[in-house]
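The values are calculated or read from the model by the stated rules, or taken from the named source; none is laboratory data. Not measured: the values here are computed from a predicted model. Here Cβ is always computed from backbone atoms with ideal geometry, including for glycine, and neighbour counts include all displayed protein chains. For accessibility, only protein heavy atoms count, side chains too; no ligands or nucleic acids. Shrake-Rupley method; radii C 1.70, N 1.55, O 1.52, S 1.80 Å.
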Amino acid sequence: MIFGLMFIGLVLLSNLLLYRGGLTVDIPPAVVLGTLIDMLVIVPTVLFLFVLRRKPTLSVLVPLFFLSVLFIQLVVPSGVKSNIGYLNTGIVIAEGVLVLSECLLMIVLFRYFLRWKSIFREADGYHLLPRMKKANELTFQAPRLTLLKKGAGLIVTDAAAIRYSLLPHLDTVPKQEGAFSYHKKSEYLGVFLMLVHAMAIEIIAVHAMLAQYNHTVAWVATILDVYALLFIIADYQAIRKSPIIIRQHDLHIQKGLRFHIDVPIHQIKTIHLGKEPIKHRSSLSLTLTGLETPVPDFVLTLRTPLLAHLAFGRTRSVRTICISVDEPERLLSELQSKGVEFWDE
């Protein structure tokens, strides 16, 4: 991972020095072509192979493509941009294809919308994302609808973000004995307000700066920034309205728009006090980061790995779940009353 990050840093720095460091005056077209290959091929390849260490996904490739194009537009001097005039055309085409694909997907999915809506309303549960996932599975369960099912899984996060940010009145906070909030005593509210303030300023500043170089790139960046702002707002709304729910046989968890998982109580092997932040791929963290990385109240160890559902249709196999809540003693008491062993060492 460190090697990959260092290599990407060297690629970015070398291109920055080449065009803005005064190392050369006459820049041939072949050099500009090399920069395109660096940003659109080499950097993504190193990122997935050595940093993220997973298969490429559209949810990462699309933002990475626009960030690479933004870097090229800002770094390459205006005097040699004639050599990459086709890049702007490529941006317009790529954006058009993306928007057209989403529109076609929405048109196809609209055919099944009434059935999806009926299943969604009848779906059992208190959290939005699991209900949407269940509606997708039941609506598109036929083998011939597999591709539609995958497409619907990709846009679930976007749909939830729009609902939480623009239609917050549709979801309320569950009020029952088995509900445990986890945001009231955290420092995340300050982080959230800081992010919203920074994003609002960035949208205006970045658009004004990029408009001096390229209006197409400026509007693409602005649209992405506005979406990022809505996503941040929706994520916080989802955190507020999605407490941990403990029912008779299951533990239901949804952390904002980031992930959700249902844990059968009998699958919880032990619960013990958190000693330090746990960061490994087989763990989930239901803690909200403030100025410092928090230590979880409890760590749940599972008997067998369970599948967690992440944003944009991704999944992960997990063995441990780190939890911090506003009422840790009540949560511990509730789990112990259901036979979960408390391990205090």
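Hey, among Val325, Val340, which residue is open to solvent by less than 80 Å² (accessible area, probe 1.4 Å) and at pLDDT 90 or above?
Residue meeting the stated conditions: Val325.
Selection of strands (runs of 3 or more DSSP E) fully inside segment 235-305 by the criterion of at least 1 residues being buried (at least 21 other Cβ atoms within 10 Å of the Cβ) and of a type in the set (S, T, N, Q) returns 250-255, 283-286.
Filtering Ile72, Ile8, Ile91 for residues that are at pLDDT below 70, in a helix (DSSP H, G or I) and open to solvent by less than 30 Å² (accessible area, probe 1.4 Å) leaves a single hit, Ile91.
Among the candidates Val196, Val173, the residue that is more than 25 Å from Leu70 (Cβ to Cβ) and either basic (Lys, Arg) or surrounded by fewer than 17 Cβ atoms within 10 Å (Cβ to Cβ) (or both) is uniquely Val173.
A search for C-beta distances below 8 Å between a residue of segment 266-288 that is closer than 11 Å to Cys322 by Cβ and any residue that is assigned to a loop (DSSP other than H, G, I, E, B) and of a type in the set (S, T, N, Q), counting only pairs 6+ apart in sequence or on different chains, returns Gly274/Ser324; Pro277/Thr287; Pro277/Thr293; Leu286/Ser324; Thr287/Ser186; Thr287/Ser324. Taken over segment 161-214, the residue count meeting the criterion of being in contact with a helix residue (DSSP H, G or I) (Cβ under 6 Å, 6 or more places away or on another chain) and part of a strand (DSSP E or B) is 1.
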